[in-house]
Amino acid sequence: MNSWIGIGRLTADPELRYTQSNTAVCRFALAVDRPFRQGEQKQADFIRITVFGKQAENCGRYLAKGRQIGRAHV
């Protein structure tokens, strides 16, 4: 099994929506810097994230563009 832990910044304000069954869905993108060597340009990976339920409501309420967050996938 693979695991991933990323720390980055939000590229835009999260989009909070509700399904027809009234389940919260929040989508946002996280820009994670890649490691680089001296003399190389910085690069970033853009990871799209979707969360559901109470966690989605909290993301929509407390997160904003430019905010640094961490995300783990285990």
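What the table below lists for this structure:
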read-out	value
Residue-normalised accessible area of region 12-74, expressed per residue, 1.4 Å probe, Å²	81
Net charge contributed by nearby residues that have their C-beta within less than 10 Å of residue 43 (K/R +1, D/E -1)	-1
Pairwise centroid distance, computed over Cα atoms, of region 27-64 with region 1-23, Å	8
Per-peptide average of other Cβ atoms within 10 Å, ordering 58-66, 13-21, 25-33 highest first	25-33, 58-66, 13-21
Cα-centred dipole magnitude for the chain, charges only on beta-carbon of K, R (+1) and D, E (-1), debye, nearest 20	60
Protein accessible area in region 1-61, 1.4 Å probe - carbon and sulfur %	45
Kirkwood hydrodynamic radius of the chain, Cα pairs, Å	13.4
Whole-number percent relative contact order across the chain, with pairs defined as alpha carbons under 8 Å at least 6 apart	44
Cα→Cβ-extended label distance, 7 Å offset, between residue 5 and residue 64, nm	2.8
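The values are calculated or read from the model by the stated rules, or taken from the named source; none is laboratory data. The shown structure was predicted, so the numbers you read here are calculated from the model rather than taken from an experiment. Every residue, glycine as well, gets a Cβ built from its backbone with ideal geometry; the counts of neighbours run over all protein chains shown. The protein model used for the area step is the full one, side chains on, heavy atoms only, and it has no ligands, DNA or RNA in it. Shrake-Rupley method; radii C 1.70, N 1.55, O 1.52, S 1.80 Å.
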